[in-house]
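J.: The structure under discussion is supplied below as structure tokens; questions concerning it will follow.
Since every read-out is calculated from the coordinates, none of them should be taken as a lab result. Model, not experiment: these values are computed from the prediction. So basically every Cβ, Gly included, is an ideal-geometry build from the backbone, and we count neighbours across all protein chains shown.
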Amino acid sequence: MLKIDNLVSGYDNLKVIQNVSIKVNPGEIVSIIGANGAGKTTLLKTITGILKPVSGSIFFDGQDISSTKTEKIVHLGCSLVPEGRQVFAPMTVRENLILGGYVQYKRKLGSDVLPYLDRIYKLFPRLLERETQFAGSLSGGEQQMLAIGRAMMARPKLVMMDEPSMGLAPLVIKEIFSIVRMLRDEGATILLVEQNAKAALRLADRGYVLETGKVILEGSSKELLENDDVKCAYLGKTKKDT
Amino acid sequence: MELLLQYIVAGITYGTIYAIVAIGFNIIYNTTGIINFAQGEFVMLGGMTAFTLKEYMPLPVAIICAVVITMIIGALIEIVFIRWLHKPSVLRMIIITIGLSILIRETALHIWGEGVTALPYFTGTSVTSVNLGGVFISPQVFWAVGISSIVVILLGIFFNFTLLGKQMRACSANREAARLCGISTQNMVTFSFMLSAAIGALGGCIVSPITYISYDSGSQLAIKGFTVAILGGLGNSTAAVAAAMILGILESFSIWALPAAYKDVVSIAIMLIILFVKPSGLFGNAAAARLKEY
Ligand SMILES: Nc1ncnc2c1ncn2[C@@H]1O[C@H](COP(=O)(O)OP(=O)(O)OP(=O)(O)O)[C@@H](O)[C@H]1O
Ligand SMILES: [Mg+2]
């Protein structure tokens, strides 16, 4: 589904991502974990074409997208739930979701948008209750649900999520994660970026550990959860505990 | 009393055109964050083009053609001068749009000369007037106010109820998120230039019979429109309409109280006061708060 090889990317002269290779297979949940400033957001921005890679290749669905425009990448079926939700604050919840479905209109599948909107409302009943409210007036958790719902409206083959748990209460995080699991069960492929390593790895099939722009570890979630370095650095356990 | 009303009517007439220019500013500002100082030139181009075209076709057709032509010019301006800029600074944008306005003005001077032109009154002549409770109102005022109101209503419908309008609002609310929804923000920017060029041109046609238009009318209108846009709070078109009426009426009264030459001083003074005292505008809103970025 997604295959990244030797990707180098960053801002102007600052190469944040250095030689990263990552693979996501159809139907998988893959998690990328790493500390603040590791380059997780930069990586996702590069995949979606917001940042242009310096070198390396990004293949999505067999197609090289390393120099494709963001709009086109979304059209191809690769959506991002951006860090910090980025909802359209002065627009209503419903408008946000409809705009999420915009590519469906472009794909000449506009008639599917409203039925799928009902589907999203079933998934997130809270959004239905607040349908006509401005997105900016929602709570953080609700905005995160809206951001996920908006990305789902595009009916993507691959959804990438940038720290969906950021700044949320544990209970809300649980709710969000259970929805991510539900999406996977429905056949979506998910690339989940998280600082909340434990929860992310429990959810994911496989994981990558990103540190200062490099993949320092990769493996199945189980392996990573049991890895001493990971335990020490990301799961908040000291060496003695393990 | 009648005199007072007469001044108010004159103020509303001018207010209408200021509102149209301000709305043009706001449309581009909202989608791009650019303040397009060439906005007034669109008004001039519309009025002048319609004046030339009306020799060859009926007036309504000439106006429609003038609006379409100006719209195409608006699109070309964006595609040729703005599109390729990668994250331009605000200062650079100001210089570019001022440069553009000079370019358009000089071209207009070449094409039309220095003469003052006026389209014929849409109905009646310059001496026809409707007596409304002792106040004499030119029918063109009704046309101006009527058409502008329709434009404002249609714009409201467009932005709130059509997918394209929503895309433009999304682009204005959050550029990057709009792209992540698959919206081509570049096309939205082009479209916003077309839309405000068209609205400006229509405004030029409507007021041409009342105010006359010459090659250099644009910059003055741009200043008035900008004052109104700032007064209402940049980006807020409903407030701009109200602010435009306030400015129009104030100007109108200033003629009564002060020598006519001071009319333009009023708007400049208001603009400066607002910029110093309350840059978010009289009806300051969230969109205007973004002005602080500059
Ligand atoms: N717009 C930018 N311009 C220049 N440097 C940037 C920019 N955004 C991020 N960086 C730098 O790139 C590095 C990686 O940032 P990035 O946002 O990708 O980290 P992250 O892993 O997502 O961190 P977090 O967990 O805090 O979100 C950081 O050192 C940061 O300072
Ligand atoms: Mg990040």
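J.: Expressed as cubic angstrom per residue, what is the convex hull volume of the alpha carbon set of region B:26-127?
T.: Here the figure is 123 Å³ per residue.
J.: Please state the charge dipole magnitude for chain B, taken about the Cα centre, from unit charges on C-beta atoms (+1 on K and R, -1 on D and E), reported in debye and rounded to the nearest 20. Can you show the working numbers first?
T.: Details: 14 positive and 11 negative charges, 183 e Å.
Its charge dipole is roughly 880 debye.
J.: Students often get this wrong, so check it: of A:K174/B:K166; A:K40/A:K214; A:K45/A:K214; A:K108/A:K157, which have C-alpha atoms separated by over 22 Å?
T.: Numbers: A:K174/B:K166 33 Å; A:K40/A:K214 10 Å; A:K45/A:K214 16 Å; A:K108/A:K157 17 Å.
Cα-Cα > 22 Å for A:K174/B:K166; rest within.
J.: From other protein chains only, count the Cβ atoms within 10 Å of every residue's Cβ in B:179-192, then give the mean.
T.: Working: counts 9, 18, 16, 19, 7, 6, 2, 2, 1, 0, 0, 0, 0, 0.
The per-residue average across the peptide is 6.
J.: Taking only the Cα atoms of the protein assembly as shown, how large is their convex hull per residue, in Å³? Can you show the working numbers first?
T.: Numbers: hull volume 95.0 nm³, N = 536.
Cα-based convex hull of the protein assembly as shown, divided per residue, equals 177 Å³.
J.: Compute the acute angle (0 to 90°) between the alpha-carbon long axis of helix A:113-123 and the principal axis of greatest extent of the alpha-carbon atoms of chain A; round to the nearest 10°.
T.: 60 degrees
J.: Report ³J(HN,Hα) in whole Hz for each residue of region B:213-220, in order, from the Karplus equation J = 6.51 cos²θ - 1.76 cosθ + 1.60 where θ = phi - 60°; Gly and Pro get x.
T.: 9, 10, 4, 9, 6, x, 5, 4
J.: Ok, one more. In deg cm²/dmol, rounded to 500, what helix-only [θ] at 222 nm does chain B give when every DSSP H run of at least 4 residues adds -39500 (n - 2.57) and the total is split over its residues?
T.: Numbers: 12 runs with 211 residues, N = 294.
After summing the helix terms and dividing by residue count, I get -24000 deg cm²/dmol.
J.: With unit charges on the beta carbon (Lys/Arg positive, Asp/Glu negative), name the residue among B:T16, B:L3, A:A188 whose Cα is farthest towards the positive pole of the charge dipole of the protein assembly as shown.
T.: Toward the positive end, the furthest listed residue is A:A188.
J.: Over the Cα atoms, compute the radius of gyration (one decimal) and Dmax (the largest Cα-Cα distance, rounded to a whole number) for region B:2-220, in Å.
T.: According to the Cα coordinates of region B:2-220, Rg and Dmax are 18.2, 59 Å.
J.: Another question, if that's okay. Find which of B:N187, B:I137, B:S148 sits farthest along the positive direction of the dipole of region B:2-220, computed with +1 on the beta-carbon of Lys and Arg, -1 on that of Asp and Glu, about the Cα centre.
T.: My answer, from the dipole projection, is B:N187.
J.: Continuing with the same structure: Pick out, from A:L76, A:P53, A:G136, the residue whose Cα sits farthest towards the positive end of the charge dipole of chain A, with +1 on the Cβ of Lys and Arg and -1 on the Cβ of Asp and Glu.
T.: Sorting the options by dipole projection puts first A:L76.
J.: Beta carbons within 10 angstrom, averaged per residue: use that to sort the peptides A:5-11, A:61-67, B:126-132, highest first. Before the final figure, lay out each step's value.
T.: Numbers: A:5-11: 16.7, A:61-67: 13.0, B:126-132: 11.1.
Ranked by mean Cβ neighbours within 10 Å, highest first: A:5-11, A:61-67, B:126-132.
J.: Other chains' Cβ within 10 Å of A:82-94 residues: what's the mean? Mind showing how you got there, number by number?
T.: Working: counts 4, 0, 0, 2, 7, 3, 10, 4, 8, 7, 2, 0, 0.
That works out to 4 on average.
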